[in-house]
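Please treat every number below as a calculation from the coordinates, not as lab data. The model shown is predicted, which means the values in this text are computed figures rather than measured ones. Here the Cβ positions follow ideal geometry from the backbone for every residue, glycine too, while neighbour counts run over all protein chains shown.
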Amino acid sequence: MGSKLIGCGSAVPKLVVSNDDLAQIVDTSDEWISVRTGIRNRRVLAGDETLSGLAVMAAREALQMAELGAHDVDLVILCTSTPDDLFGGGGKIQRDLGCRNAWAFDITAACSGFIVGLITATRFMKGGGYKNILVLGADALSRYVDWTDRGTCILFGDAAGAVLVQACSADEDGLLGFDLHSDGSGQRHLNAMAVESEADVLSNMNGAPVFLPRKTSYACLQMNGKEVFRFAARCVPQSIETALEEAGLACSSIDWLLLHQANQRIIDAVASRLQVPSEKVISNLANYGNTSAASIPLALDEAVRAGKVKAGDLIAASGFGAGLTWGSAIVRF
Ligand code: ACO
């Protein structure tokens with residue numbers, strides 16, 4: 001039993017926030033942001049837009065490309081760290097799409113989420129007999145960014161991307177190798193922690209425990225950019241090499257390097273380490289910034305619709321981010 005990608009789609013919010021717009025609210029400049037990151041614009045949810053609304057739009061495009069109906073889908077996997085509902089957003093998307101023969105769940109693995117979701121989908125096919133799985137990467141980090149912190153607010157944008165993974169014979173298998181990792185010791189470098197009010201503990205007054213109702217929210221995203229940069233530049237090439245080894249392929253055989261779109265300098269450093277020429281590197285973060293779990297399917301969808309990525313192309317994809325988590329997949333499109 002194998003699995004292959006037969007459709008993709010994406011959706012972004014309408015509101016464009018440029019580097020110059022950000023320079024109005026924090027002490028920064030278009031030049032600083034574009035030189036250090038490669039980012040020029042990002043999209044931000046506004047008005048009545050929702051993350052699940054974007055995910056539904058992206059999923060519809062993927063279904064259309066795959067020439068399938070919503071009733072053909074047997075599983076919906078939503079990869080997100082920023083769902084509309086803390087309890088999970090996959091179920092609502094499944095309902096809104098009309099996937100009446102599917103069930104749904106969420107995966108939280110930050111910017112590695114899409115790769116984790118993709119690998120998970122293939123396992124459901126190999127071990128569970130599933131036939132058509134929608135894998136969605138969707139995030140709205142604008143919800144958790146500190147818009148007064150110039151070190152982080154310049155980096156992120158909101159978006160959703162989707163792929164349709166279909167079961168196929170082992171001969172046609174499109175997932176040729178993968179590699180997944182996490183290292184919780186690096187969590188301190190990138191997180192958005194739960195913040196509980198002082199009244200959230202069981203207080204012991206006069207020897208008797210007293211329950212005080214708690215109030216919990218989430219802190220804004222905290223990041224040590226230099227550490228995350230070093231981690232990505234070190235771990236991502238290793239991970240891609242491991243996945244390629246599993247696939248029995250040399251790096252020179254890949255048609256496209258498709259990394260999580262975090263920073264152009266990270267993308268360039270990984271490409272240079274792997275000796276992948278720039279014309280084989282997919283990059284769209286100038287327009288969208290770091291869209292976390294959405295970045296890989298969003299960039300893939302744009303490249304497919306632009307006629308760059310074609311059926312049969314070999315893609316080395318890799319995600320990395322909070323957790324810390326990272327992972328790679330070698331995919332024949
Ligand atoms: N505009 C102008 N100056 C700035 C800005 C800004 N937006 N941000 C920081 N600076 C200043 C700093 O204050 C510092 O000034 P100082 O020298 O006077 O102290 C100087 O610029 C250098 O700051 P650094 O933080 O050292 O800049 P660096 O070159 O490391 O670039 C950046 C920062 C772009 C964040 C980089 O470290 C990076 O991209 N790291 C990786 C981030 C990343 O990929 N995150 C992935 C997250 S994925 C997920 O799971 C959510």
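Tabulated values for the structure
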quantity	calculated
Cβ-defined net charge surrounding GLY9, 10 Å radius [Lys, Arg +1; Asp, Glu -1]	0
Top of LEU15, LEU164, LEU244 by mean-square fluctuation, Gaussian network on the chain, Cα under 10 Å	LEU15
Which of ILE93, ILE25, ILE267 has the fewest Cβ neighbours within 10 Å, and the rest in rising order	ILE25, ILE267, ILE93
Charge dipole (the chain, unit charges on Cβ, about Cα centre) - positive-most of THR216, GLY151, GLY307	GLY307
Gaussian network model of the chain, springs between alpha carbon atoms under 10 Å - residue of GLY289, GLY88, GLY113 with greatest fluctuation	GLY88
Cβ-based charge dipole, region 1-90, positive-most Cα from ALA59, GLY7, THR82	GLY7
Binned Cα-Cα distance frequencies in region 2-172 - 10 Å width, integer %	11, 37, 29, 16, 7, 1
Region 3-23 and region 76-122: distance between their alpha carbon centers, rounded to Å	18 Å
Region 45-104 - convex hull of alpha carbons, volume per residue in Å³	81 Å³
Restricting region 52-138 to chymotrypsin sites (Phe, Trp or Tyr not before Pro) in coil, as DSSP defines it, with at most 11 other Cβ within 10 Å	PHE87
Charge sum, other residues only, whose C-beta stays under 15 Å from ASP30's C-beta, Lys/Arg counted +1 and Asp/Glu -1	0
Dipole magnitude of the chain about its Cα centre (Cβ charges: Lys, Arg +1; Asp, Glu -1), debye to nearest 20	140 debye
The chain - convex hull of alpha carbons, volume per residue in Å³	155 Å³
Counting DSSP beta bridges with both ends in the chain, the antiparallel % (nearest 5)	75 percent
Relative exposure of HIS181, HIS189, HIS71, judged by other C-beta atoms within 10 Å (fewest first)	HIS71, HIS181, HIS189
Positive-end extreme of charge dipole, the chain - chosen from VAL331, GLY69, VAL26 (charges on Cβ)	VAL331
Test item: Cα-centred dipole of region 1-99, Lys/Arg +1 and Asp/Glu -1 on Cβ, debye	220 debye
Cα-centred dipole magnitude for region 2-172, charges only on beta-carbon of K, R (+1) and D, E (-1), debye, nearest 20	460 debye
Long-range lysine pairs (8 or more apart or interchain), the chain, Cα under 18 Å	5
